[in-house]
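Report on the structure given below.
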Amino acid sequence: MDLLAEVLAVGGVRGTAGARIEASGPWGILWHGITRAAFYAVTCGTAWLELAGQPPRQLMPGDVVLLPNGPEHTLRSAPDVAIIPNVCTAAEKARDCGGVLRLGSGEVETHVLGASYDYDPAVSTQVLATLPEVVHIRANRGRDGLDDTVRLLSRELASPQIATDFVLNRLVDILLVQLLRAWRTEKPAETRGTWLGVLGDPLISVALAKIHEDPAKSWTTDVLAAELATSRSTLTRRFRETTGRTPGDYLTLWRMDLAAVRLRDTDDTVDAIARSVGYTSVYAFSRAFRRARDQAPGQYRASARERLTPAG
């Protein structure tokens with residue numbers, strides 16, 4: 001069981017290439033109104049990233065940075081450079097359609113690929129939502145494929161060909177996984193308290209794998225502890241330390257995530273969905289679902305589908 005792959009897949013994490021910044025001379029831009037995780041890869045030149053309450057952060061060639069919660073931020077050629085006025089409309093268009101955003105004048109000195117990541121609001125178990133405000137990975141570590149992928153990205157941007165947009169979007173997905181791998185390897189202390197921190201505890205990562213492999217099984221803390229050849233108290237303590245929850249709480253959360261997606265995306269009966277996540281009684285499932293989502297399963301299905309229906 002590849003836990004990270006499954007949580008990203010069930011969580012509906014999808015990357016899309018955003019604005020391709022080509023900048024020269026003094027330049028600066030403010031990004032706001034972002035509702036998704038924001039990502040930047042510097043393929044040429046340098047840039048400075050600034051968020052409220054934090055010192056400016058210099059981004060060098062090959063650096064990648066993830067802003068999991070999409071906070072308002074600025075990118076500039078230097079910390080004291082003024083924001084370029086009257087570029088908001090062009091910037092938003094480039095961000096939304098993956099177009100080129102030309103900043104400054106003269107020969108291009110800096111190339112930055114922007115991207116964004118959506119995740120499914122129906123799923124509570126999310127990797128990105130637990131990350132710190134900024135995840136910054138420097139270039140030239142030489143221990144993983146992140147540098148190689150940034151170089152591929154740079155070549156694709158320098159010489160666009162047929163299906164370049166398709167290639168960029170796939171590379172953006174790969175970059176996210178490689179960024180998370182590199183961050184976990186280089187800064188393990190920072191992963192504590194995040195979903196990735198679970199992978200640092202062999203006992204709890206195996207416990208989660210068992211839950212994910214068979215969420216319908218009649219798991220109890222005692223049964224799970226016996227499968228892992230550990231004590232109930234040890235399992236509960238370490239589970240709470242790494243996830244912030246008890247094994248039973250996590251199991252219920254994951255079951256409700258799986259059920260919510262199936263209610264929205266399939267026509268399966270409530271009884272079939274209940275059984276698939278370990279409930280032999282529709283009543284017991286409905287009661288658990290209502291506690292988790294403040295709606296009965298049928299009400300949730302109707303409202304979730306209504307939200308997906310385009311207006312007009």
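The values are calculated or read from the model by the stated rules, or taken from the named source; none is laboratory data. All figures in this text were calculated on a predicted structure; none of them were measured in a lab. Heads up, the Cβs are rebuilt from the backbone with ideal geometry, glycines too, and the neighbour counts pull from every protein chain shown. Accessible surface areas use protein heavy atoms only, side chains included; no ligands, DNA or RNA. Shrake-Rupley method; radii C 1.70, N 1.55, O 1.52, S 1.80 Å.
Observations, loosely collected:
- Selection within the stretch 52-64: residues that are open to solvent by less than 10 Å² (accessible area, probe 1.4 Å) and either at pLDDT below 95 or not assigned by the TED database to the domain that holds T110 (or both). The member of this set that is nearest to G15 (Cα to Cα) is V64.
- Residue match in the stretch 196-210 (condition: under 21 Å from Y117 (Cβ atoms), under 22 Å from the mean Cα position of the chain (by Cα), surrounded by fewer than 18 Cβ atoms within 10 Å (Cβ to Cβ) and charged (D, E, K, R)): no
- Residue in the stretch 249-262 that is loosely packed, with under 14 Cβ neighbours inside 10 Å and not acidic (D, E) present: no
- Restricting attention to the stretch 45-79, the residues being more than 20 Å from Q178 (Cα to Cα), assigned to a strand (DSSP E or B) and touching a residue at least 24 places away in the same chain (Cβ under 8 Å) number 10.
- Residue count, the stretch 228-248 (criterion: within 22 Å of T280 (Cβ to Cβ) and surrounded by fewer than 14 Cβ atoms within 10 Å (Cβ to Cβ)): 0
- When L196 is tested against (1) in the same structural domain as Y40 (by the TED database); (2) within 23 Å of R14 (Cβ to Cβ), just one condition goes unmet, and that condition is (1).
- For the stretch 1-27, filtering for residues that are acidic (D, E) and within 30 Å of D214 (Cα to Cα) leaves 2.
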